[in-house]
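Remarks on the structure that follows.
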């Protein structure tokens, strides 16, 4: 569902699948604590925006840190407080990177990125700087002259950096093996690379197959490496023939769970479930938690 203003809305079953939070819990968070305020259809059904999903993921992170649910509203209020209250400590880094990108200054981009990695974990740099920055570049794509060139410039730089990190990573993983690739016709590999690095840091062993992967080839690759699961990445919605033909066929022949992450998995959640795949959503940490839960049940 899309509002007249262009905001995409998702039913509670989709949000529950993407976040792992039971619908009953989502309703309780709304009624008791006012944590989420979904819109309502004429029939009274709850509909959630992407900002609501991000809020739920933030709540889950706070609960994992030991914050009591009764204290979460105060923490979220502090997070949203403007100047004079809580400050977004990552805003200067994003602004500095954005300025270097706008000047096509690769040396400055390199210095800022390396400094961030020297001071913080890669998980924090990804979630607080890279993903918000990529979203901002996506918004600038059509909004300003040079926006397309800026996005291409940073995408090439980051793909090279992430690819090098993945290639030179310490090969100490002893967990389940994953096959990871982009969906057919998907050329944007950044989300896949970020996921692969996060999965490796979480203990998984990852066989990375890259962009625009024919799904029919994946069962053979999964058998060869004895993969525990196949993970697909898609920033755009899959073509109908992929969603309703190739993906269900992959699920039938893979012999292991098939997960689909990225923005396309949010928009096409019901179709993915219908194909037998596991929607993993657009948050890497939440996707890894869902994947781990799925493998435990297998």
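Only one of the listed residues (190, 208) is at pLDDT 90 or above and either within 22 Å of residue 122 (Cα to Cα) or surrounded by 22 or more Cβ atoms within 10 Å (Cβ to Cβ) (or both). That residue is 208.
A residue that is in a helix (DSSP H, G or I), in contact with a strand residue (DSSP E or B) (Cβ under 8 Å, 6 or more places away or on another chain), closer than 21 Å to residue 269 by Cα and assigned by TED's automatic domain parsing to the domain that holds residue 288 cannot be found anywhere in the range 162-185.
Taking first residues from the range 267-287 that are farther than 20 Å from residue 57 by Cβ and not assigned by TED's automatic domain parsing to the domain that holds residue 54 and partners that are part of a strand (DSSP E or B) and modelled with pLDDT of 85 or more, the Cβ contacts under 8 Å between residues at least 6 apart in sequence or on separate chains come to 276/258; 277/232; 277/258; 277/259; 277/260.
Quick grid of which residues meet (1) touching a strand residue (DSSP E or B) at 6+ places or on another chain (Cβ under 7 Å); (2) within 22 Å of residue 134 (Cα to Cα); (3) buried (at least 20 other Cβ atoms within 10 Å of the Cβ):
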| residue | (1), (2), (3) |
| --- | --- |
| 216 | no, no, no |
| 244 | no, no, no |
| 257 | yes, no, no |
| 286 | no, yes, yes |
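Of all residues in the range 91-111, those satisfying the criterion of being farther than 12 Å from residue 158 by Cβ, surrounded by 14 or more Cβ atoms within 10 Å (Cβ to Cβ) and either under 24 Å from the mean Cα position of the chain (by Cα) or touching a residue at least 60 places away in the same chain (Cβ under 8 Å) (or both) are 93, 94, 96, 98.
For the range 31-55, filtered to residues that are in a helix (DSSP H, G or I) and touching a strand residue (DSSP E or B) at 6+ places or on another chain (Cβ under 8 Å), the residue that is modelled with the lowest pLDDT is 50. Annotation: of all residues in the range 5-30 being touching a strand residue (DSSP E or B) at 6+ places or on another chain (Cβ under 6 Å) and in a helix (DSSP H, G or I), the one that is modelled with the highest pLDDT is 12.
Residue-level check: of (1) exposed (fewer than 12 other Cβ atoms within 10 Å of the Cβ); (2) farther than 24 Å from residue 198 by Cα, residue 119 misses just (2). In the set 245, 259, only one residue is within 19 Å of residue 226 (Cα to Cα) and in the same structural domain as residue 223 (by TED's automatic domain parsing); that residue is 259. In the set 166, 195, only one residue is under 28 Å from residue 109 (Cα atoms) and at pLDDT 90 or above; that residue is 195.
Right, residue 271: under 21 Å from the mean Cα position of the chain (by Cα) and part of a helix (DSSP H, G or I) or not? Here the answer is yes, as residue 271 does meet what is asked. Among the numbered conditions (1) assigned to a helix (DSSP H, G or I); (2) within 17 Å of residue 268 (Cβ to Cβ); (3) modelled with pLDDT of 90 or more, the only one that residue 231 does not meet is (1).
Screening the range 274-284 for residues that are assigned to a loop (DSSP other than H, G, I, E, B) and surrounded by 21 or more Cβ atoms within 10 Å (Cβ to Cβ) and picking the one that is modelled with the highest pLDDT gives 277.
The values are calculated or read from the model by the stated rules, or taken from the named source; none is laboratory data. Computed from a predicted model, the values in this text were never measured in an experiment. Positions of Cβ are backbone-derived with ideal geometry, glycine not excepted, and every protein chain shown enters the neighbour counts.
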